[in-house]
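Data block below; observations after.
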Amino acid sequence: MSDLTLYTYFRSTAAYRVRIALNLKQLDYIPHTIHLVRDGGEQHSTQYRDINPQGLVPTLIDGDTTVTQSLAIIEYLEERFPSPPLLPRTPGLRAQARAIAQQICCDIHPLNNLRVLNYLRTEMQQDESSRHRWYQHWITEGLAALEQWLARDGKHQSRYCFGDTPTVADLCLIPQLYNARRFSCDTSNYPTLLKIDQHCMTLTAFQQASPEQQPDYDPPA
């Protein structure tokens, strides 16, 4: 049995991706929660910075190996525990799945994560309404491109982004859609993405990875 520890936060989109991967591969792990808001953010503590100098979640520890960055962690899990696979079989589809994952993780999510929103609030002195407009603009631009890509020529017939099993693309898409709803983004213009989301959320691995199922879940006041 592996001895896996995941530093996570229930609301972290990046940690959410990794939790899905761990669940799909049926890997037991010890969740170590890092609250990103309480007391100014536990990610800033010296203890956690010694583990991850970026002060971000997730961080995966597997014995003597420490891996940061959600996509790197997912790739590590894919190589370390190859079954079930999280990438399609053919090189072309594997490249496309990685491209979707990177569109989300590199182009959409970084513009809207907690650090950016906090900077807009404190240094740029943007009110809540302005911050929401910022978030919704980048979500709309990003999700519209994903919808166009997956629904091009009306040929998307799969239950998931690629084929009939979840891939890294789905692991990234579902948390991003969850976060879009949390910020009251209108997702009705993305029927292909919503269809994929609906199928994914029938799987226990996705359900158990959701923020509401985490030990540190803090319901809205």
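The values are calculated or read from the model by the stated rules, or taken from the named source; none is laboratory data. Please read all numbers here as calculations on a predicted model, not as lab measurements. A quick note on method: Cβ atoms are made from the backbone with ideal geometry, for glycine too, and the neighbour counts reach across all protein chains shown.
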Going through (1) farther than 18 Å from D218 by Cα; (2) crowded, with 17+ Cβ neighbours inside 10 Å; (3) over 19 Å from the mean Cα position of the chain (by Cα); (4) not hydroxyl-bearing (S, T, Y) one by one, I74 fails only at (3)
Cβ pairs under 6 Å, 6+ apart or interchain, first in segment 141-158 and closer than 16 Å to I174 by Cα and modelled with pLDDT of 95 or more, second hydroxyl-bearing (S, T, Y) and surrounded by 10 or more Cβ atoms within 10 Å (Cβ to Cβ), ordered by first then second residue, are L143/Y190; E147/Y190; E147/T192
Considering only helices (runs of 4 or more DSSP H) wholly within segment 1-80, the ones with at least 2 residues that are within 25 Å of L173 (Cβ to Cβ) and not polar (S, T, N, Q) are 13-24, 70-80
Flagged pairs (Cβ under 6 angstrom, 6 or more apart or on separate chains; first in segment 57-69, in contact (Cβ under 8 Å) with a residue 60 or more places away in the chain; second assigned to a strand (DSSP E or B)) are D62/L4
If you check C172 against the conditions, is it part of a loop (DSSP other than H, G, I, E, B), buried (at least 21 other Cβ atoms within 10 Å of the Cβ) and in contact (Cβ under 8 Å) with a residue 40 or more places away in the chain?
no
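Among the residues of segment 49-71, what is the count of those that are small (G, A, S) and surrounded by fewer than 19 Cβ atoms within 10 Å (Cβ to Cβ)? Talk me through it step by step, then tell me what you get.
From segment 49-71, those small (G, A, S) are 55, 63, 70; that's our starting set.
Next cut, surrounded by fewer than 19 Cβ atoms within 10 Å (Cβ to Cβ) only: 55, 63.
Total meeting the criteria: 2.
The rows are residues; the columns are (1) charged (D, E, K, R); (2) under 18 Å from the mean Cα position of the chain (by Cα).
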{"site": "Y135", "(1), (2)": "no, yes"}
{"site": "L150", "(1), (2)": "no, no"}
{"site": "Y160", "(1), (2)": "no, yes"}
{"site": "G163", "(1), (2)": "no, no"}
{"site": "D170", "(1), (2)": "yes, yes"}
Selection from segment 196-212 of residues surrounded by fewer than 21 Cβ atoms within 10 Å (Cβ to Cβ) and within 30 Å of S129 (Cα to Cα) yields D197, Q198, S210, E212
